[in-house]
Each structure stands twice: as C-alpha cells, then as structure tokens.
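Worksheet: one structure, shown below.
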Amino acid sequence: MPLFRTEGLTKSFGGLRAIDSLDMHVDEGEIVSVIGPNGAGKTTFFNLVTGLEKPDDGVIEFDGQPIVGLVPSQIIKLGIARTFQNVRLFPNMTVRENVMVSRHCRTRSGLIGAVLRTPAFRREEEETRRIAEDTLGFFGTRLVGYRLDQLALVLSYANRRRLEIARAMASSPRLLLLDEPTAGMNPRETVEITELIGKMRDEKGFTILLIEHDMRVVRGVSDRVVVIDYGRKIAEGTYEEVAQNEQVIEAYLGRPAEKGA
C-alpha cells in the first residue's frame, strides 16, 4: 500500500478545471517530483492535499486513511507538512520560535499547563527547544548561533527559505511537501538545497513530494516524476523517461516534439 495516493481528484474554479481526475501515489521513502508548465495546477494540488482547498470529487488517502474534509491542523497532526511557493513565516518571531511553533501539533500540556507552567509543560517546552535547534542545525551554520535569536524578518531570502523548510521538518511529518524550495536562489544555493533534499530522505527518513521548476533539481533528487498539464497527468516515470516524452515536450515548448531530435 502506498503511503499517499489520490484517485480521480478533481477541482474547478468557476469554469476552469484546475485539477482533472488526477491519480497518483507516493511510496514510503520516495522522492516524487510534480512538474508542469505555469498554471498547470501544481500548487492547487498541494492545497487540496493539505486541506486549504476542498476537492469537488475524488479520493485523497494518507497511510490508508481518507483525509478529504479534514482541516489543515488535523492533516499536519496526521503527518503531512508543507512549505509554500511564497515563503510564509512569522516575521516578528525569532528563528528558533518560528520552528518551535510547528511543534504545537505534538504537544499535550494545553492552555492551563502553559499558564501555570506546570512541570509537564516545562519538559515539553525544553524538548521543543531541543528539537527546533537540532532541526536548524541540519542546515549547517546558516540558522544557528546568534541567528537563533534573530527575527525572521532580517534573514536573507535564501535563509527564509531554509527556515520554512526547517519549520515543516520539525513537525515530525512522514510526508513532506516542498513547493518550489529553490525558487529565487542562486546556482550555488540551489545545489545546496538539492543536496539537502536528498539528505532529508536518506538521513531523516522523510518521504518527499516536490514541486519544482528547476529541472537540474528534479533530475538530481527524483525517484519518479509526475507531469501535469491543465490539471491532468500526462506522463509519469523516471526523469529520463518524462524528459523524452512527446506530450511533455509539447506542454513545455508549445509545439510537437521534432522527430529524430
């Protein structure tokens, strides 16, 4: 049984069908990339998976459990976390606090424990701090040391991207959804993030579903690639297989593939 799957997933906005009968799956331990031209429906797909949008039809299952109709807080508690195409942080919270807040779905003390600062709450708070700092350390020296107490708003764009990934990781997901994690990064930063995505799977055990426009990243990390166009899956396979698919070439270039090219 796959860790995650969709069947017949459909979503329309007015007269526009953004996701059209999409069937796909992700096995535990895989890195699967979802690619397609601008406007293909990739971010809408992530929004459906994480409960920000409700599908018109179809099935979404995680670990054998249907999740359509659940709210985002329930979905993250089940073990699905995400980043966003446009970075969404708490700018007036510190780097450490931005990551600590993602652990709220794993704590048990509640409001009374927080107000009274019970021993159980203090233990959880210390554990949350340790997990946050360990997760930030995964990114090397970029988000630790004096940066732990810096406000997120003063970070560089690349470090804000790293911080958002760290926040998602710290919620202890089994499935991590990364929406264009290298967008806006220079070539050196892109190479670094590509290597880190592989380590997230190999060292941290995350299963990863990735939206990415940079084909060097897709080629470098993907076990499988799913290509969608106008919300419909048009190809699936290894990077090499989809890169040679005539429908994929036409979707990206706007013309049929040249024979013998």
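The values are calculated or read from the model by the stated rules, or taken from the named source; none is laboratory data. These numbers were taken from a predicted model, which means no experiment stands behind them. For neighbour counting, all protein chains shown are included, and Cβ atoms are generated from backbone atoms with ideal geometry for every residue, glycine included.
Things worth noting here:
- Any hit, segment 35-53, residues being assigned to a loop (DSSP other than H, G, I, E, B), surrounded by fewer than 17 Cβ atoms within 10 Å (Cβ to Cβ) and not assigned by TED's automatic domain parsing to the domain that holds Pro72: no
- Residue within segment 62-70 that is closer than 23 Å to Met185 by Cα and over 17 Å from the mean Cα position of the chain (by Cα) present: no
- Count of residues meeting criterion [touching a residue at least 24 places away in the same chain (Cβ under 8 Å) and either assigned to a helix (DSSP H, G or I) or within 25 Å of Ile75 (Cα to Cα) (or both)] in segment 138-161: 10
- Filter result (under 16 Å from the mean Cα position of the chain (by Cα) and of a type in the set (A, V, I, L, M)) within segment 71-98: Ile75, Ile76, Leu78, Ile80, Ala81, Val87, Leu89
- Thr6 in the same structural domain as Ala251 (by TED's automatic domain parsing) and not in a loop (DSSP other than H, G, I, E, B): no
- Selection count, segment 130-184, where residues are on the phi > 0 side of the Ramachandran plot and polar (S, T, N, Q): 1
- Within segment 54-85, the set of residues being among the acidic types (Asp, Glu) and either part of a loop (DSSP other than H, G, I, E, B) or crowded, with 19+ Cβ neighbours inside 10 Å (or both) comprises Asp56, Asp63.
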